[in-house]
Amino acid sequence: MPKTIVFQSDFTYKEGAVAAMYGVVKQVDPDLEIIDLTHEIPKFDIWSASFRLHQVVPFWPKGTVFVSVVDPGVGTARKACVAKTKSGHVIVTPDNRTLTHIAKFIGLEEVREIPTQLRFASPYKTAVFHGRDVFGYVGALLASGQIEFEELGEPYQDYQAYVLEEARIEVDKLVGIVEILDPNFGNAWTNIPITWTKQVGIEFNDLVEIDIYEKERLALQLIVPYKATFGGVHVNEAVMYANELECLALAINQNSFINTYHIHQGPDWCICIKKASYV
């Protein structure tokens with residue numbers, strides 16, 4: 001089985017940063033397989049970086065090394081770290097809350113600080129490209145077996161994390177957050193498990209009332225059908241459906257829900273769902 005390193009970043013492919021990271025990996029071990037999770041994380045969006053790891057890591061074999069570089073604090077006092085998950089995966093990342101969702105939903109066995117002297121021998125001495133000189137390099141050393149996790153710096157427990165808002169049931173309604181956006185298809189994913197719907201009397205084909213708030217501001221009120229998939233409604237109709245992580249999500253069939261209704265993501269975006277009391 002080939003040794004694999006999986007990258008995500010907010011670098012895009014518009015310039016050479018991604019290829020430079022790959023070059024360092026291949027210098028460490030030409031046989032390492034490089035896979036992209038994505039390089040289209042919205043710039044500086046640490047929340048999205050955290051969620052995308054949670055979305056993808058469980059589907060990869062134990063021992064896979066992930067490198068996540070969404071690092072608006074590059075070159076500052078923020079730590080560079082390596083985390084070993086309870087599922088046996090390894091994540092190399094700035095310690096800037098990128099580990100939040102993994103810590104919550106998979107669990108972390110240990111986090112270690114990358115020693116400051118562990119750097120790729122680049123001819124360019126810079127503080128602004130740790131993706132190449134630190135994270136990509138250390139990820140390649142780990143993935144190739146040239147260094148073991150336990151050989152890195154000292155373990156520590158006070159890694160940075162967001163406070164995750166828990167979904168909850170309030171009498172006859174489900175309350176959660178718009179946890180992440182699907183930027184390609186324009187869907188909005190919540191953190192509300194689909195298994196909770198029956199507890200508030202919601203079944204497939206029912207109409208549901210949707211209230212979305214940005215902090216205290218009511219951003220959207222809508223009544224939509226609850227279907228198993230987008231194709232359960234006509235083109236350009238809104239729908240609530242069960243996404244691939246078995247949470248409730250909102251879409252417009254063959255259109256963008258988030259652009260149509262100007263919805264965003266994160267802890268400030270609360271959503272309330274209940275069975276419609278009228279048509």
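Please treat every number below as a calculation from the coordinates, not as lab data. What you see is a predicted model, and the numbers here were worked out from it, not measured in a lab. Every residue, glycine among them, receives a Cβ derived from its backbone with ideal geometry; neighbour counts consider all protein chains shown.
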Most fluctuating of Ala140, Ala83, Ala103 in the GNM of the chain (C-alpha, under 10 Å) is Ala103
Once Lys and Arg are counted +1 and Asp and Glu -1 for all other residues with Cβ under 13 Å from that of Phe11, the total becomes -3
For the stretch 4-156, whose charge dipole is built from +1 on Lys and Arg Cβ atoms and -1 on Asp and Glu Cβ atoms, the candidate among Thr98, Val6, Phe135 with its Cα farthest towards the positive end is Thr98
Inter-part gap, Cα centre of the stretch 64-92 to Cα centre of the stretch 120-158, in whole angstrom, is 9 Å
For Glu110, the residues 5 or more places away or on another chain with a placed amide H closer than 5 Å to its own amide H are Lys84
Between His39 and residues 5 or more places away or on another chain, the pairs with built amide H atoms under 5 Å apart involve Ser9
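For the chain, what is the relative contact order in percent, using Cα pairs closer than 8 Å and at least 6 residues apart in sequence? If you can, show how the numbers build up before the last one.
Working: 599 pairs, mean separation 42.8, N = 279.
So the answer I get is 15 percent.
Viscosity 0.890 mPa s, temperature 25 °C: what is the translational diffusion coefficient of the chain from Stokes-Einstein with a Kirkwood Rh over Cα pairs, rounded to a whole number of µm²/s?
On the way: Rh = 20.1 Å.
Using the Kirkwood radius from Cα pairs, D works out to 122 µm²/s.
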Residues whose built amide H sits under 5 Å from the amide H of Ala219, excluding neighbours closer than 5 in sequence, are Ile212, Tyr213, Glu214
With Cα coordinates, the longest principal axis of the chain makes an angle with the long axis of helix 46-56, in degrees rounded to 10, of 90 degrees
Note, the stretch 232-241: 3J(HN,Hα) by Karplus (6.51, -1.76, 1.60, θ = phi - 60°), whole Hz, Gly/Pro = x, goes x, 10, 6, 4, 6, 9, 7, 8, 9, 9
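Subtract the Cα-Cα distance of Glu203 and Gln117 from 0.36 nm times their separation in residues, and report this length gain in nm to one decimal.
Values: separation 86, 0.36 × 86 = 30.96 nm, distance 5.72 nm.
Separation in residues times 0.36 nm, less the Cα-Cα distance, equals 25.2 nm.
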Simple SL model, points at 7 angstrom along Cα→Cβ for His264 and Glu15; separation in nm is 2.5 nm
So, over other residues within a Cβ distance under 13 Å of Ala249, counting Lys, Arg +1 and Asp, Glu -1, the net charge is -3
Given unit charges at Cβ for Lys, Arg (+) and Asp, Glu (-), the dipole magnitude of the stretch 140-251 about its Cα centre in debye, nearest 20, is 560 debye
Expected vector for the stretch 244-252, Karplus 3J(HN,Hα) from phi with 6.51, -1.76, 1.60 and θ = phi - 60°, integer Hz, x for Gly and Pro, equals 6, 9, 6, 10, 6, 9, 10, 8, 10
If unit charges are put on Cβ atoms (+1 for Lys and Arg, -1 for Asp and Glu) and the dipole of the chain is taken about its Cα centre, the option from Val69, Ala249, Ile223 lying farthest towards the positive end turns out to be Val69
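Taking every DSSP beta bridge with both residues inside the stretch 4-156, roughly what % is antiparallel (nearest 5)?
Numbers: 12 of 25 bridges.
Counting only bridges with both partners in the stretch 4-156, antiparallel ones make up about 50 percent.
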What the 10 Å binned alpha carbon P(r) of the stretch 129-279 shows, as percent of pairs per bin from 0, is 10, 34, 23, 14, 14, 4, 0
Rounded to the nearest 5, the percent of DSSP beta bridges in the chain running antiparallel is 75 percent
In debye to the nearest 20, the charge dipole size for the chain, taken about the Cα centre with +1 at each Lys and Arg Cβ and -1 at each Asp and Glu Cβ, equals 220 debye
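Based on DSSP H runs of at least 4 residues, each adding -39500 (n - 2.57), what is the mean residue ellipticity at 222 nm of the chain after dividing by all its residues, to the nearest 500 deg cm²/dmol? Could the numbers behind the result be given before it?
Working: 5 runs with 42 residues, N = 279.
The per-residue figure over the chain is -4000 deg cm²/dmol.
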Here P(r) for the stretch 200-266, Cα-Cα distances in 10 Å bins, as whole percents, is 20, 54, 25, 1
In order over the stretch 94-104: 3J(HN,Hα) from phi, Karplus 6.51/-1.76/1.60, θ = phi - 60°, whole Hz, x for each Gly or Pro, gives x, 7, 9, 5, 5, 7, 4, 5, 4, 4, 6
Expressed in nanometres to one decimal, the distance between label points 7 Å along Cα→Cβ at Thr229 and Ser277 is 3.5 nm
